[in-house]
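The values are calculated or read from the model by the stated rules, or taken from the named source; none is laboratory data. Bear in mind the structure is a predicted one, so any value in this text is a computation, not a measurement. Please note: Cβ atoms are built from the backbone with ideal geometry, for glycine as well, and neighbour counts cover all protein chains shown. Just so you know, the surface numbers come from the protein's heavy atoms only, side chains and all, with ligands and any DNA or RNA stripped out. Shrake-Rupley method; radii C 1.70, N 1.55, O 1.52, S 1.80 Å.
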Amino acid sequence: MIAMKAVILVGGEGTRLRPLTCNIPKAVVPVLNRPFLEHLLRYLKRHGITDVILAMGYQPAPIQKCLGDGAQLGVRLTYSVEDSPLGTAGAVKLAASLIDDTFLVFNGDVLTDIDLTGMMQRHREIKPKMSIALTPVDNPTAYGVVETDAHGMVRRFVEKPPPDKVTTNMINAGIYILEPEVMEMIPPATRFMFEHNVFPQLLEKGAPVLAYPSQAYWVDIGTPQKYLQAHDDLLRETGTPINIEGGSTIDTKAQLTGPLLIGDGCTIAAGVSIKGPAVLGARCVIGKGATIEGSVLWDGVQIGEGVSVHQSIIGSCSRVCGQVEGSVLGDNVTVLKGLPPGSRVWPDGKVEAGVPLK
Ligand code: GTP
């Protein structure tokens, strides 16, 4: 097995996932009731990567609190914290003293099954300056598109191309293998991005950049829609329709249809219908006759009697007493009457219109 250190970039503000990321960073939002990074770290460990540097900036404390030194997951975590955001490449430069060999870089919001072992082997064989994993998407216009030549080397990077300029549907999957000398191209203590600065410069200098295209599962959890989709995919993958973590009180007249995950200590009253894919965090209380479908509820959420919650994400300790559909509610909000589909409710109670989640 090839051992490499990995840097995970977790310093972004996660603005697209707001209002869920008002109180906690995207890296530790719950996914199947576990901090997201746990899924990523377990994946890395499956590929023999146990030495991990977390490059942090925005809200580092909740990440450290969730993961500690990583021992519980069988990995060794080192923290590198920026005073101000240094961008994806600047963040890696800050951690340079911790790196002395070929290493991996990960966007901290990627949930994937890409064959990392295969990618590392290919990098060792071909010996480029950098390898980049590519994944196909239906609509690449919101992503960094990567064009390759007949030998599988990168020819061009195009950030967010307009529809008439799309030449391939293969995009940057946010997973790179770098030779340490690439860090010489990154100025210290300066905001610098791989996507806009380092990659184009590498190609300009004629440095070989290897593409590692993969059809394996890949989703970035950076938007509410994708966050819901990741749950849907992961729940189906468990193979068990109804997963109950323990200690819940579920009325015999409640109707549960998988795939579902119900966290510790929930109370589910008579006549409730929960239709998967759906996740309830710990200590949720679902009132009589309520309906929950295609939604993710964080810990301590209360749903009132007869209320329906469809295709929505509800932050911790929020109380919902009116219909919610395709909406995203932050932590600790109270909704007393129905909301227009697609609403975004901020922890301070402000309601904004948004695109309904499907
Ligand atoms: P949005 O604000 O919604 O775009 O999210 P983001 O900036 O958190 O994430 P984006 O997808 O733009 O960035 C990809 C990855 O890089 C994410 O895991 C971010 O946490 C991380 N990242 C972005 N900027 C920085 C930075 O300045 N420092 C560090 N350490 N990480 C960063």
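I'd like to know if the stretch 150-172 contains one or more residues that are part of a loop (DSSP other than H, G, I, E, B), in contact with a helix residue (DSSP H, G or I) (Cβ under 9 Å, 6 or more places away or on another chain), under 21 Å from Ala55 (Cβ atoms) and open to solvent by 10 Å² or more (accessible area, probe 1.4 Å).
no
Any idea which of (1) away from the ligand (no atom under 16 Å from the Cβ); (2) open to solvent by 20 Å² or more (accessible area, probe 1.4 Å); (3) of a type outside the set (A, V, I, L, M); (4) within 27 Å of the chain's Cα centre (by Cα) is the one Thr267 doesn't satisfy?
(4)
Just name the residue that is nearest to Ala230 (Cα to Cα) out of those in the stretch 185-219 that are small (Gly, Ala, Ser) and in contact (Cβ under 8 Å) with a residue 40 or more places away in the chain.
Taking the stretch 185-219 first, the residues small (Gly, Ala, Ser) are 189, 206-207, 211, 214, 216.
Going one step further and asking which of them are in contact (Cβ under 8 Å) with a residue 40 or more places away in the chain, we end up with 189, 207, 211, 214, 216.
On the way: Ala189: 35, Ala207: 35, Ala211: 25, Ser214: 18, Ala216: 14 Å.
Across the stretch 185-219, the extreme among qualifying residues is Ala216.
Could you give me the residue pairs with C-beta distances under 7 Å whose first residue belongs to the stretch 90-102 and is in the same structural domain as Lys127 (by TED's automatic domain parsing), whose second residue is surrounded by fewer than 20 Cβ atoms within 10 Å (Cβ to Cβ) and among the acidic types (Asp, Glu) wherever it lies, and which are 6+ apart or on separate chains?
Going by the 7 Å Cβ cut-off, the qualifying pairs are Ala91/Glu82; Leu94/Glu82; Thr102/Glu179.
Residues in the stretch 316-323: is at least one free of Cβ contacts under 8 Å to residues at least 60 places away in the same chain, over 24 Å from the mean Cα position of the chain (by Cα), surrounded by fewer than 20 Cβ atoms within 10 Å (Cβ to Cβ) and not in a loop (DSSP other than H, G, I, E, B)?
So far as the stretch 316-323 goes, yes, one or more of its residues are free of Cβ contacts under 8 Å to residues at least 60 places away in the same chain, over 24 Å from the mean Cα position of the chain (by Cα), surrounded by fewer than 20 Cβ atoms within 10 Å (Cβ to Cβ) and not in a loop (DSSP other than H, G, I, E, B).
Can you work out which of the residues in the stretch 1-51 that are away from the ligand (no atom under 11 Å from the Cβ) and of a type in the set (Asp, Glu) is least open to solvent (accessible area, probe 1.4 Å)?
The residue in question is Glu38.
Which of the residues that make up the stretch 288-315 are touching a residue at least 60 places away in the same chain (Cβ under 8 Å) and either more than 19 Å from the chain's Cα centre (by Cα) or under 15 Å from Gly349 (Cα atoms) (or both)?
Gly315
Name the residues in the stretch 52-76 that are part of a loop (DSSP other than H, G, I, E, B) and surrounded by 22 or more Cβ atoms within 10 Å (Cβ to Cβ), would you?
Narrowing the stretch 52-76 to residues part of a loop (DSSP other than H, G, I, E, B): 57-59, 68-70, 74-75.
If the condition is that a residue be part of a loop (DSSP other than H, G, I, E, B) and surrounded by 22 or more Cβ atoms within 10 Å (Cβ to Cβ), then Gly57 is the only one that fits.
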